[in-house]
Each structure stands twice: as structure tokens, then as C-alpha cells.
Amino acid sequence: MVKTFKTMIIICILVFSYSTTCKAKEYNNFNDLIENSKKIDNSNISLKGEAIGECMNRGKYSWVNISDGSTAMGIWIDSTLAKNIKNYGQYGYKGDIVQINGTFNRACSEHGGDMDIHASSVKIIETGGSITMPINNSKKVIALILTFTTMILSISYYKFTKSTSK
Amino acid sequence: MKKTIKNYDDIRIINFYVGYVVIGTACLMIIPILTSLLFREWSALLDFIISISIALSIGLLLMFTGRSKIDKVKVQWKHGLIIASSSWIMLTLLCALPYELSGNTGSFLDACFDVMSGFTTTGVVLTQNLDHLSLGLNMWRHIITFVGGQGMVVLALSFMVNHTLGAYKMYVGEGKDVELVPNVKNTARIIWKISVVYLIVGTLMLWIDGMFIGLQPVSAFFHALFIFMSAWSTGGFAPMSQNILYYHSLSYELLTMIFFIIGSLNFALHYAVWQGNKKEIIKNIETQSFFITALVISFFTALKLTNSGVYSNGISVFRKGVYNVLSAHTTTGFGNLYARQFATEWGDFPVIMLIIAMLIGGSACSTAGGFKGLRVGIVFKSIIAEISKLLNSDRKIKAFKFHHIKEIVLEDSMVKSAYLIITCYILLFFVGTALGTYYGYPVLSSAFEAASITGNVGLSIGVTTPSMPSIMKIYYIIAMYLGRLEFISVFVLIGATFGGIKKLWLRLLKQ
């Protein structure tokens, strides 16, 4: 009985330690990846960011770029997985916030030395979509007044030029 | 009293032409206005309407003040140089308005920094949230860099119908001195014709390639247009924050490489080739100088990157090493690496190689910055001439020549001028490096950034960020401006300003 109990404890410890070592380190600030690129080269990581621009399909795999708000990182991803990302960030649009698990490459030999992540899984954390861009009312008024002023000045200059050239 | 009136005549004539250049450049805002209208970017549309109205009004007011004197006063050298240099200052302030109104810059200083970076075809960026920028503002950024490469004065001169007598003086003031045809107005038009033909061909090629690499047709077109404008003008701006890395494509990188190398060549060389003189490419001192320096720097950078194991295969070394060296040498500033990778991965030697490449720069009378290949060639020839003189007897007189469109005899005045400009660039670079170290940046990083700014390159090692000290931002703006206009016209402007202030003080003291 004691032997069985001990074996179970050892198995539990082993499973627990294995799961902790295998759990990919999560990165929300991509600058940490760039600064520590040599240390984490070829390791499994997890990162969270907004999908930006558009998905560039290259056959079986696609390129998706995700941004942490200031730095963007290229993700090499299975095209079927990439289809799960519906919204990409651009003007007037917020991209899907995705969590990517994959292998980090400091200088990927497959992709001409690019710093990239070869994704193994993708999870949509938050769905994006269109954003209403607020238009300042005072801007409208200022634009109108200034356009009017410019028109008056243009006409005045035209008349002035005509009078001086006579 | 008469002299005072004459002084005001100087100001009036300068005002007239500055106003003319301002209006010519402000009219370009119609393109982002139409873009914003087409893509229903209403907020951006209002920003551009406000900005164009302010710019046109100021331009008209300036022209008003000088209109009556335009036919009575002859444009002198000092006028031409001051018109060019002050137009750039005025336009930097006015063209920064859409940036500031968009809310994408931290301050108006940051907006001015980005505009000066665009006009001087430097390409360093302080604009934030680039990946969510409106298409209108992105269009404006790239128009600024495209026009800046050719020159705003050149643009204005192309459309000038009357009052073109002092045109050459303004043209020289903008850092260009080659007359392709006897008439400077027609020279300006030829420069634009060459650029527009390349724009059409280049955009088409990048557009097709963009669709092949997975971009949607509409977005592929805008990416192609923006990237071409930036490559041709050796600017370095890109629509996305990752710059060229965003595309993850060898073909896209190769195309940009071809375009920025062509863009860095002298307009006189382009014109000679267009006229059927293809041998000029091989014979020209500038292409020879560029080929030698680019080859040597690329070789040593690639060698070091390979030996230190930064990249594991030849394609990676070419795509990262050679691409960035050529981008630096042509003063483009396109990057397919993260800025900090230069510091954290490349090591000191490749960084020094890049600094040298950035300082040498492209060709004279092109869109590129730096010392220019022509001056490097002249200095090299002068050294050979000096050694040859020492080795030969005093009685033997030998004229040294170099080939630049035609055979030119190497004269002392040319050598002196080349040394003077190179000395000014080196001084600017050292002050920039010292300033960087004063604010706590490592020496090599400060030197890299200073070389990039001085040579109007645009590659960054991570120093240029919105959070950098304001003094450094101001210095970098001045350095970009001086580097692009090649010092003389800015020195004349400074001299005239101080001279004016001195006269005003003396007059006040006498009263």
C-alpha cells in the first residue's frame, strides 16, 4: 500500500514538473523577444497581440503579423489555422486579439533570416471589428471658415495680379 | 532710407518665391484629400482640408507681399539660396499640420521631425500607431518623401511659367547643381519626367509582386505605390511599422533593392542613359565609386556575419546583411530587421561598416544623401594626383581627369569644395554622436544614429523613439536639414538672419 502511494506521488510530481517545463513562456511585450532573442532562440513561446494588416497566403502556410501596440512580429502559420482570424487591424478597424503558441526563431533559416514564430496553435482571445472614428465638431467649423478665407484670399490675389500687370 | 527700402525688397522677393513653393507643395494635399474621400476617412479628410487651407493662405499672403517687386528686382545668389532654405523650413511647419491634427504624433515637434525626415528622404519615424494610420495620412507621408527626393523647389520650378530668371539660383540652393539641358525649368521638368516614368513602371511591378505574395489587389496597389515612392526617393518610409519585414518576401526585397539603387544614381546619369549613352554607367566616376565601396563593405559585413554565426546560410546573409548595407549605402533606410537587432545581434564590426556606408551615401544630384560618391571619387583622385606629383619630377606637369558625363579636369577648387563639404558632414556626425552619448546612449549606438541622420539614411539602432530627449529631436531635425541641402544655402540663411538682426540693432542704437 505504501509502495503504491509512493509511486503515485512520484508520478504526480513528474507529471506536474513536466507540465510546468513544457508550458511556453508568455510574451505580451515583443521587445522582450528582440532583446532576449539569443536566449530564447528555438524555444516554445506563447504571445498575445492584435492581428494587423492582412493575412498573406503562401499556399499551405500563411504570414500573419501581430502587434503588441508598438512592435509587430511575423507569424508563419498553417493557412487553415489562419482562417480563424477574421479581423485585421487597420485604420477604422481593430484586429482580433490572438494568442499564438509556437517556436521562436531569432534568424529563421527557412525564411531568409527573419525573426519569426512558427505557430502550432492559435486562439482568438478577443474578436475585433470596425471602430467608429469620432469627428470633432469644432474641426468641421474650422475647416469651413478656413476654406472660405482661402477662397477670398485667392480671389483677392487674382484681382491684385490683374491690376498690377495692367 | 533708400537702403532700408532696398532691404525690404530683398525680403519681398524672397517672400514671393517662398509663397510660390509653399502653394505648389500645398496643392499636393489634394491627393490625400481625394484618397480620404474615396475611402471615407472623414476625420483625416477634415485634417487635410484645414491644413491645405492654412498652407494656401500663408502662401498667398507671402506672394502678395512680393508681387509688386517681382519684375523690378533681379534674383541674386543670396536670394536663391535663402528662398530654397527658408521654403524648406516653412513647408516643414505647414506639412506637419495633418500629422498633428491626426493625433498620431506625441507633439508638434514629433510631427515636424517626421516631415523633415520625409522631405530630406531620411525615413526615421516618430509617428505612432503606424499600423492603424489612415490611408490619407499614409499617402501624405509618402508624397512628402517622393517630392522631397526630387526637391520642392524643383517641383515648383517645373510649373513656373513667368519669373524664371533666378530659377537656377534656387535650384542650386536645394542641393542640386546639374543642368541636364541649358534651361533650368526644363531640367526640373526632365527630373520629374524621369521620376514619374519610373513611378509607373515600379508601382506596376511591385503591385503584381504584392498580389503574388498574398496581398489583396487594392491593398497591394497602395503598398506598391508607397514602397516605390519611398524606394525611388531613397526615403525609407513604409506603410507598416515593420517596414520591409512586414512582407516576409525575397522578391519584394529584391525589387525594392533594384529601385533604391536606381534612385540613388545621379539624374544626369539617368538622362545620359535615356539619351542612349549606356556606357556612361560603367565610365562614370560615381557608379565606379559606388560599386567599389558597396562591394567592399558588403563583403566584409557578410564575412563577419557568417563567421560570427549570426546567420546560418547564404540567403540569410544576403537578405539581412547585403540588403541592409545597400539600403544604408544608398541612404534609403529600408530595413528588414528590428532596429535593436543591429545592437543585440550584429556586433560592433558590421555596425561600423554600416556607419561608413551611411556616411558615404549615394550620388550627387540624386535623391540620396551622404558625402556623395562624386566627392569620394574626387578625394580619391586628388590623393592619387598628389602622390603622383611627389613621385614625378617638378618639370613634368600632368593633368588629372575623371569622367562624370564628360571628361573633367581635376581642379583644386573642386577638391577644396569636396573636402569642405565632407568636413562639414563629419563635424555634424561627431556633434550628433557626442550629443547621443551626453544623453546616456552607448557610443556605437549614438554614432550609428548620428550617421543615419547626417547621411539622410533612416536606419535606426533604437535611439530614435518618441521618448528621446527633445534636444536630440531638434538637433536631428537640423542635421537632416543641413545634410540634405548640403550646408551652403542654410549657412547663407543663417548669415542673412544674423546680418539682419545686427543691422536692426545698430539702427535702434543710433536712434
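The values are calculated or read from the model by the stated rules, or taken from the named source; none is laboratory data. Note that the coordinates shown come from a computational prediction; the quantities given were computed from them, not determined experimentally. Every residue, glycine among them, receives a Cβ derived from its backbone with ideal geometry; neighbour counts consider all protein chains shown.
For segment B:199-251, give me the residue count where each residue is more than 23 Å from B:Gly321 (Cα to Cα), part of a helix (DSSP H, G or I) and aliphatic (A, V, I, L, M).
12
Could you tell me which residue of segment B:363-416 is nearest to B:Thr332 (Cα to Cα), considering only residues that are of a type in the set (S, T, N, Q) and within 25 Å of the chain's Cα centre (by Cα)? Please lay out each step first, then the result.
Kept after step one, since they are of a type in the set (S, T, N, Q), are these residues of segment B:363-416: B:363, B:366-367, B:382, B:388, B:392-393, B:413.
This time we only want the ones that are within 25 Å of the chain's Cα centre (by Cα), so: B:363, B:366-367.
Numbers: B:Ser363: 12, B:Ser366: 12, B:Thr367: 9 Å.
In this case the residue turns out to be B:Thr367.
Considering only segment B:239-259, I want to know if a residue exists there that is over 17 Å from B:Asn336 (Cβ atoms) and more than 13 Å from chain A (Cβ to nearest Cβ). Before the answer, list the steps.
Residues of segment B:239-259 that are over 17 Å from B:Asn336 (Cβ atoms), as a first pass: none.
No: segment B:239-259 contains no residue that is over 17 Å from B:Asn336 (Cβ atoms) and more than 13 Å from chain A (Cβ to nearest Cβ).
Assigned to a helix (DSSP H, G or I), modelled with pLDDT under 90 and buried (at least 22 other Cβ atoms within 10 Å of the Cβ), is that true of B:Gly80?
Values: assigned to a helix (DSSP H, G or I): yes; modelled with pLDDT under 90: yes; buried (at least 22 other Cβ atoms within 10 Å of the Cβ): yes.
For B:Gly80, the condition - assigned to a helix (DSSP H, G or I), modelled with pLDDT under 90 and buried (at least 22 other Cβ atoms within 10 Å of the Cβ) - is met.
Is it true that some residue in segment A:96-104 is buried (at least 16 other Cβ atoms within 10 Å of the Cβ), touching a residue at least 40 places away in the same chain (Cβ under 8 Å), in the same structural domain as A:Leu47 (by TED's automatic domain parsing) and farther than 30 Å from B:Leu250 by Cβ?
Within segment A:96-104, one or more residues are buried (at least 16 other Cβ atoms within 10 Å of the Cβ), touching a residue at least 40 places away in the same chain (Cβ under 8 Å), in the same structural domain as A:Leu47 (by TED's automatic domain parsing) and farther than 30 Å from B:Leu250 by Cβ.
Looking only at helices (runs of 4 or more DSSP H) that fall completely inside segment B:333-441, which ones have 1 or more residues that are among the charged types (D, E, K, R), in contact (Cβ under 8 Å) with a residue 24 or more places away in the chain and in contact with a Phe, Trp or Tyr (Cβ under 6 Å, 6 or more places away or on another chain)? Spell out the reasoning first.
Details: elements: B:348-360, B:373-391, B:412-438.
Per the criteria, B:373-391.
If we keep just the residues of segment A:76-89 that are assigned to a strand (DSSP E or B) and out of contact with any Asp or Glu (no Cβ under 7 Å at 6 or more places or on another chain), which is nearest to A:Glu50 (Cα to Cα)?
Step one: list which residues in segment A:76-89 are assigned to a strand (DSSP E or B), which gives A:76-78, A:89.
Those left that are additionally out of contact with any Asp or Glu (no Cβ under 7 Å at 6 or more places or on another chain): A:77-78.
Details: A:Ile77: 15, A:Asp78: 18 Å.
Here the residue is A:Ile77.
Determine whether A:Val141 is hydrophobic (A, V, I, L, M, F, W, C) and in the same structural domain as A:Ser67 (by TED's automatic domain parsing).
Working: hydrophobic (A, V, I, L, M, F, W, C): yes; in the same structural domain as A:Ser67 (by TED's automatic domain parsing): no.
No.
Restricting the search to segment A:45-103, which residues are over 13 Å from the mean Cα position of the chain (by Cα), closer than 23 Å to B:Leu137 by Cβ and more than 7 Å from chain B (Cβ to nearest Cβ)?
A:Gly92
Can you name the condition, by its number, that B:Ser68 falls short on among (1) crowded, with 23+ Cβ neighbours inside 10 Å; (2) within 14 Å of chain A (Cβ to nearest Cβ)?
With (1) crowded, with 23+ Cβ neighbours inside 10 Å; (2) within 14 Å of chain A (Cβ to nearest Cβ) applied to B:Ser68, the lone miss is (1).
What number of residues within segment B:269-313 are within 14 Å of chain A (Cβ to nearest Cβ) and buried (at least 17 other Cβ atoms within 10 Å of the Cβ)?
In the first step, residues of segment B:269-313 are kept if they are within 14 Å of chain A (Cβ to nearest Cβ); the result is B:301-302, B:305-306, B:308-313.
After this cut, where a residue has to be buried (at least 17 other Cβ atoms within 10 Å of the Cβ) as well, the list is B:301-302, B:305, B:310-311.
Within segment B:269-313, residues that are within 14 Å of chain A (Cβ to nearest Cβ) and buried (at least 17 other Cβ atoms within 10 Å of the Cβ) number 5.
Taking the condition of being within 14 Å of another protein chain (Cβ to nearest Cβ) and part of a helix (DSSP H, G or I), how many residues in segment B:122-151 meet it?
Qualifying residue count, segment B:122-151: 10.
Residue by residue through segment B:463-505, note down the ones that are outside any helix (DSSP H, G or I) and more than 23 Å from the chain's Cα centre (by Cα).
Listed by number, the residues that qualify are B:Ser467, B:Pro469.
Residues in segment B:442-487 that are out of contact with any Phe, Trp or Tyr (no Cβ under 9 Å at 6 or more places or on another chain) and closer than 21 Å to B:Trp346 by Cα: how many?
Final tally of qualifying residues: 6.
Looking at the structure I just gave you, is A:Lys162 more than 10 Å from every other protein chain (Cβ to nearest Cβ), among the basic types (Lys, Arg) and closer than 30 Å to A:Tyr27 by Cα? Give the steps one after another, and end with the answer.
Numbers: more than 10 Å from every other protein chain (Cβ to nearest Cβ): yes; among the basic types (Lys, Arg): yes; closer than 30 Å to A:Tyr27 by Cα: no.
Taking the combined requirement at face value, the residue does not satisfy it.
Among the residues of segment B:378-389, is any in contact with a Leu (Cβ under 6 Å, 6 or more places away or on another chain) and not aliphatic (A, V, I, L, M)?
Yes: one or more hits.
Which of the residues belonging to segment B:382-422 are among the polar types (S, T, N, Q) and surrounded by 11 or more Cβ atoms within 10 Å (Cβ to Cβ)? Step through it out loud before you land on a result.
Restricting attention to segment B:382-422, the residues satisfying the condition of being among the polar types (S, T, N, Q) are B:382, B:388, B:392-393, B:413, B:417.
Correct list: B:Ser382, B:Ser388, B:Asn392, B:Ser417.
Count, please, the residues in segment A:107-159 that happen to be among the charged types (D, E, K, R) and within 9 Å of chain B (Cβ to nearest Cβ).
Taking segment A:107-159 and keeping what is among the charged types (D, E, K, R), we get A:110, A:114, A:116, A:123, A:126, A:139-140, A:159.
Next, from what is left, pick out any that are within 9 Å of chain B (Cβ to nearest Cβ): A:114, A:116, A:139-140.
Within segment A:107-159, residues that are among the charged types (D, E, K, R) and within 9 Å of chain B (Cβ to nearest Cβ) number 4.
With the condition kept exactly as written, say whether any residue in segment B:488-509 is surrounded by fewer than 19 Cβ atoms within 10 Å (Cβ to Cβ), under 30 Å from B:Gly347 (Cα atoms) and in contact (Cβ under 8 Å) with a residue 24 or more places away in the chain.
no
Which one of these does B:Ser316 not meet: (1) at positive phi; (2) surrounded by fewer than 24 Cβ atoms within 10 Å (Cβ to Cβ)?
B:Ser316 satisfies every listed condition except (1).
Table: residues versus (1) at pLDDT 95 or above; (2) of a type in the set (A, V, I, L, M); (3) in the same structural domain as B:Lys372 (by TED's automatic domain parsing); (4) within 28 Å of B:Ala418 (Cα to Cα).
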residue	(1), (2), (3), (4)
B:Trp232	no, no, no, yes
B:Gly235	no, no, no, yes
B:His270	no, no, no, yes
B:Ile285	no, yes, yes, yes
B:Ile292	no, yes, yes, yes
B:Lys304	yes, no, yes, no
B:Leu326	yes, yes, yes, yes
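Looking at segment B:130-142, is at least one residue buried (at least 22 other Cβ atoms within 10 Å of the Cβ) and basic (Lys, Arg)?
Yes, segment B:130-142 contains at least one residue that is buried (at least 22 other Cβ atoms within 10 Å of the Cβ) and basic (Lys, Arg).
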